[in-house]
Every structure is written in structure tokens, then in C-alpha cells.
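The values are calculated or read from the model by the stated rules, or taken from the named source; none is laboratory data. If you're wondering where the values come from, they're calculated on a predicted model, not measured in any experiment. Reconstructed Cβ throughout: ideal geometry from the backbone, glycine too, with neighbour counts over all protein chains shown.
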Amino acid sequence: MNWRAIQAIYLFEMARTWRTLLQSIVSPVVSTSLYFVVFGAAIGSRITEVEGVSYGTFIVPGLVMLSVLTQSIANASFGIYFPKFVGTIYEILSAPVSYFEIVVGYVGAAATKSIILGLIILATAGLFVPLHIHHPWWMLTFLVLTAVTFSLFGFIIGIWADGFEKLQMIPMLVVTPLTFLGGSFYSVNMLPSGWRTITLLNPVVYLISGFRWSFYEIADVSVALSLGMTLGFLAACMAMVWWIFRTGYRLKN
Amino acid sequence: MSSVISVSNLSKVYGSGFKALNNINLDIKRGEIFALLGPNGAGKTTLIGTICGIVNPTSGSVTVGGHDIISDFRAARAMIGLVPQELHTDSFETVWNTVSFSRGLFGKPKNPAHIEKVLKDLSLWDKKDSQIITLSGGMKRRVMIAKALSHEPQILFLDEPTAGVDVELRKGMWEVVRTLQQAGVTIILTTHYIEEAEEMADRIGVITKGEIILVEDKAGLMQQLGKKRLTLQLQHKVDAIPPALAPYNLHLADGGREITYDYDTKGERTGITSLLSDLRNAGIRISDLDTEQSSLEDIFVSLVRKS
Ligand SMILES: Nc1ncnc2c1ncn2[C@@H]1O[C@H](COP(=O)(O)OP(=O)(O)OP(=O)(O)O)[C@@H](O)[C@H]1O
Ligand SMILES: [Mg+2]
């Protein structure tokens, strides 16, 4: 194991984060506050309670997940796309590092950043509504698993993308709709049964449901299923990354 | 001398179907400076990229220090420092950080003293805290050399290291390369400046259209393929070369006051003796003469043209 290489890549990526620290923290804090003002105040005044918790409280786990998902993908895809774009990838490819180490470095840094972000959003939410976390360890487990899984997913997108449009396309066209329709702002049980069935095809539902369960012990689907789906998606992403490196897809011609 | 890099039957076909390397066989000796020459698109960068792990080979094999570049890539790559042809830098990093990063990437423990030495050798010390984006092109190229040297490689690839570097710094770079060679580093460089190969290299390889057409000691190459030019100064101006001398393919110069004769040093006979007597028979008298060795550039151009 070339630990020093992992450390070098990880710290290099984190340094990029610190350079843009203000925008990486300020913007999610501002947007979270806006969600609370808009959804919490406007809608929350009509929907007073969802499954026993106030609406403002109910949406917190979904909001955190929303940011963690999008930020993980954005960080990781950009992190690997950029060296490809400017050509500095030559050094990584010519270094005595295994693909596994490259992934640990890039994905680790992207996941770290989005976990920190998720916690900051959680703290911001705590300023607006009272929070109670029933299962803090499960909460962290879901947070970390999701951050890692979607950072891997972002890594794949970053390698696949050969232009900035493609880099934006998947997050815009696929991930954002899925997260909004994934039960961030409502309980799946509130939907008519036809829609419910369709919604259950959305993988994000399972992530948010499990995450919300760790807070309030209320869930749309069973916790085991949530965990299973998360791990399944993680495994799928790992298999994909393994294939990419094995074939040199879009990295070595 | 033992070989430190051994390339056998290496071919590369790009995804587009283009065959950039065609059955390359090449051995690089430990401690030598090897210059790879060839016209644009010959496959120099592709060959270097394959050895360094950036390009997947289509067939054939390469060992570096006895380690296969695929099955034992860690050991192979740890020996190599690569300075690519294009300027690829992290614009917003400082020189110091980017060079230190390279060292870590290659698995070496921190060593600020070594990095300091490298930066000083490359006249970059006063720029160590500058962001790379604020440097000139020549400085960026030296940053890339510093990155390659940061992890103390035993083999250094320089893909057109002096493109865009001014004359004085180019001399400085040659100095660095020589010092490295004295320290036992093997150096493979590509260049379009023939005088650079002539000045630096121990051996020269010529590649065109993905094939190595020649590998030779520099001195041997110059001798083997060297053409010489004999210039004869005449006592009296002549208007034309007498027809009797036509087979020598002579040229008039300096308004008829000089005759030049090109001959092959590797030929059995140079033809000089008979030329001189034929000249005398034709009544042409000589006041002085001079010979001149053709440069590597001439050799190179004629080789590439032939293939
Ligand atoms: N990624 C690629 N895909 C397809 N063809 C490529 C690729 N990279 C290089 N080639 C082709 O392979 C051939 C060799 O290119 P290479 O860069 O190795 O040449 P070179 O000898 O380094 O030339 P130069 O002196 O211009 O740097 C060229 O014809 C080039 O067009
Ligand atoms: Mg080239």
C-alpha cells in the first residue's frame, strides 16, 4: 500500500476545499436557511405534523441528504475531471499507485468534504427547529455510507465526462430530480398508492428513509431494506470503478 | 553496461485504429543519456507514455530495472521521473506544494532539503511560494522537471525538455542533466534541437512512423554516416566546372573562386586523390583547402527522408 500517495492525493484535494472554503460552506448554509424559510414557514404552516413530528423537523434529514448527495457527486466528479481536463492526470497515471489508492484518495476527500457539509447543515437546521437524534451512530453510518457511495458515483461521472456539459448533465437531469422526488420534503406514505409504487423504484427514497429513521424512528421502508439498498448501490459503484481502471476507460487510450 | 530499460516487440494501436508504434525493440543502458529523435508524429511521446504507464500497450512488453511495467508496475514506476512534452500544471498550487506533492505521490517520505536543492538547481528557489499560474512558460517547464526530480528517480524521461526555454536556461538545464548523469541517473530525452542531442547524448535513436530505424553511439553515428565537404580555394577564378570533372558532382562557390566536393567518410575511398590529380590535369590550381564534417542534423534529415 502506498500510504504516502493516498495521503498526498487526499491532502491535495482537501487543500482545494480549504481554498474555496467560504463558498463551500456559505452557500449550503444559505440555501438550507432558505429551505426552512420557504418550506418550513410556508408549507409548514399548513402541514403541521408528519407522522408525529413537526414538518420543519421532518424535512431536516432529507435536506441534509439532498446536500450530501449533490455535493458528493459534484466534489468527486470535479476532483477527477479537472486533472483529466488540464492534463495533470499524467502524473497520477505514471506514479507507483494502484487504482485502489487513487480512488481512496479522491473519493475519501470528496466524501470527507460532504460529510463536513452535512454536519454543518444539520447544525444550521438546529437553529431553526428542535432536533433529536435517536440513533446517532446509525445516523453517522448512513451519512458516511451515502457520502462514500455518491462520491464513487461522482468519480465515475468525472471519468466518463469528456466535457463540462456532461459533467453537469447527470447531476442535473438524474440526481436532482431523484432527490427531490425521493421523499426529502414529504413522506412516501402521503402519496396515492400508484405513485407510491413508482417512488419505491427511486433509490434515493431508501437513503432518505433510513437516514430519517436514525433521527425519529419513522421510516417509509424498513431500515434493513434502506441499509441493503445503500450497500447495494455502493457495491455497484465499486464494481463500475473497478471495471474503469481495469480497462483504462477514458484514462489511457 | 547492463540495460535498465528493455522494450521488446512493443506495438501500440490507438483506439482510432492508428498504429503509433510498430514492433519496437530498444534497450537503454544504465547511466547513459539517450536521445530519441524523430519528426513530428513519429511516436516518441507514445513510446515514452507506454513505458511510464500513461498509454496501455497493445502488444509486447517492457521492463524497467528488471520489473515488468504491468505486473510489477510499482517497482518499475518508482524508478522513473517523467517530464511530459505538454505543460500540465496545477495553476493555483504553489511551486513548493506541487513539487512536494509529487514526492508524496511516489511514496517517498518528506525531505524539504532535497526539494530545496532541486528548486535551487533549476533556478526556481525564489519562486517557491508563487502560484504556478503566475510563472512564465519556461519556468513552468522547470517546475515540471522539479516535480520529476522530487522523488529521486533513477531514470529520467525528458520529452522535449527545452522547448520554449531560453538559451541561457537551456545551458543550465544541460548542466543539471549532466550532474544527474554523474550521479548515476539514466536519461532519455527527445528533442527537435539536433545540436542538443549532439551536445548531450551518448547514444541516439531515430524513430519515424512508429519504427526505430536506427540506434547508434553518437560518435559512431557521426562517423558512420558522416558526410564531409572538401572546399578548394582556387588560384584563378573559373567560369564553369570542366566537363571532364562532371562525375565528381562538384559545385562552384564564391563566384568561381571555390570548388566544393561532398564525399562519404564511410566509403572505401573518398575519391580525393583522383579528384586532385584530375583537377591538375584540367589545369585548375589550388591555393588552399579545407574539410568540414556534416552535422548530426544533416544525417538525421537524410535518414528520415530515406525511410
Ligand atoms: N490519443 C491518441 N489517439 C489517437 N492517435 C494518437 C493519440 N496520441 C497520439 N496519436 C498519434 O500517434 C502518432 C504519434 O504521436 P506522438 O505524440 O507519439 O508523436 P511524437 O513523436 O511525440 O511527435 P512530436 O514530435 O510532435 O511530439 C501521431 O500520428 C499522433 O497523431
Ligand atoms: Mg511528442
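Would you please name the residue that is modelled with the lowest pLDDT, looking only at residues in the range B:197-227 that are among the basic types (Lys, Arg) and over 29 Å from B:Phe18 (Cβ atoms)? Ranking the qualifying residues of the range B:197-227, first place goes to B:Lys227. The residue pairs whose first member lies in the range B:77-97 and is among the basic types (Lys, Arg), whose second member is away from ligand 1 (no atom under 16 Å from the Cβ), and whose beta carbons are closer than 9 Å, counting only pairs six or more residues apart or on different chains, are B:Arg77/A:Ala95; B:Arg77/A:Pro96; B:Arg77/A:Val97; B:Arg77/B:Val64; B:Arg77/B:His67; B:Arg77/B:Ile69; B:Arg77/B:Phe106.
Quick one: is B:Thr50 modelled with pLDDT of 95 or more, closer than 20 Å to B:Leu156 by Cα and within 16 Å of ligand 2 (Cβ to nearest atom)?
Against the criterion (modelled with pLDDT of 95 or more, closer than 20 Å to B:Leu156 by Cα and within 16 Å of ligand 2 (Cβ to nearest atom)), B:Thr50 qualifies.
Look at B:Leu21 and say whether it is in a strand (DSSP E or B) and within 16 Å of ligand 1 (Cβ to nearest atom). Against the criterion (in a strand (DSSP E or B) and within 16 Å of ligand 1 (Cβ to nearest atom)), B:Leu21 qualifies.
Of all residue pairs spaced 6 or more apart or on separate chains, those with beta-carbon atoms under 8 Å, a first member in the range B:139-153 that is on the phi < 0 side of the Ramachandran plot and a second member that is in a helix (DSSP H, G or I) and among the basic types (Lys, Arg) are B:Met139/B:Lys127; B:Ser150/B:Arg103; B:His151/B:Arg103.
Each residue in the range B:176-194 was checked for being surrounded by fewer than 20 Cβ atoms within 10 Å (Cβ to Cβ) and within 16 Å of ligand 1 (Cβ to nearest atom), and 3 pass.
Per-residue answers, yes or no, for (1) surrounded by 15 or more Cβ atoms within 10 Å (Cβ to Cβ); (2) within 26 Å of A:Glu217 (Cα to Cα); (3) aliphatic (A, V, I, L, M):
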| residue | (1), (2), (3) |
| --- | --- |
| A:Phe39 | yes, yes, no |
| A:Gly56 | yes, yes, no |
| A:Val60 | yes, yes, yes |
| A:Leu63 | yes, yes, yes |
| A:Thr88 | yes, no, no |
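Tell me, please, whether a residue that is within 16 Å of ligand 2 (Cβ to nearest atom) and among the hydroxyl-bearing types (Ser, Thr, Tyr) can be found in the range B:132-154. No, the range B:132-154 contains no residue that is within 16 Å of ligand 2 (Cβ to nearest atom) and among the hydroxyl-bearing types (Ser, Thr, Tyr).
Any residue at all in the range B:63-76 that is part of a strand (DSSP E or B), more than 14 Å from chain A (Cβ to nearest Cβ) and modelled with pLDDT of 95 or more?
Yes, there is a match, as at least one residue in the range B:63-76 is part of a strand (DSSP E or B), more than 14 Å from chain A (Cβ to nearest Cβ) and modelled with pLDDT of 95 or more.
Candidates in the range B:77-86 are the residues that are at the interface with chain A (Cβ under 8 Å from one of its Cβ atoms) and closer than 16 Å to B:Arg142 by Cβ; of these, the one that is surrounded by the most Cβ atoms within 10 Å (Cβ to Cβ) is B:Leu82. I need the full set of residues from the range A:55-97 which are more than 25 Å from the chain's Cα centre (by Cα) and touching a residue at least 40 places away in the same chain (Cβ under 8 Å), in order please. Residues satisfying the conditions are A:Ile92, A:Leu93, A:Ala95, A:Pro96, A:Val97.
Out of curiosity, is B:Phe18 aromatic (Phe, Trp, Tyr) and exposed (fewer than 15 other Cβ atoms within 10 Å of the Cβ)?
Taking the combined requirement at face value, the residue satisfies it.
Going residue by residue through the range A:161-178, is there one that turns out to be under 17 Å from the mean Cα position of the chain (by Cα) and among the small types (Gly, Ala, Ser)? Checking the range A:161-178: not a single residue is under 17 Å from the mean Cα position of the chain (by Cα) and among the small types (Gly, Ala, Ser).
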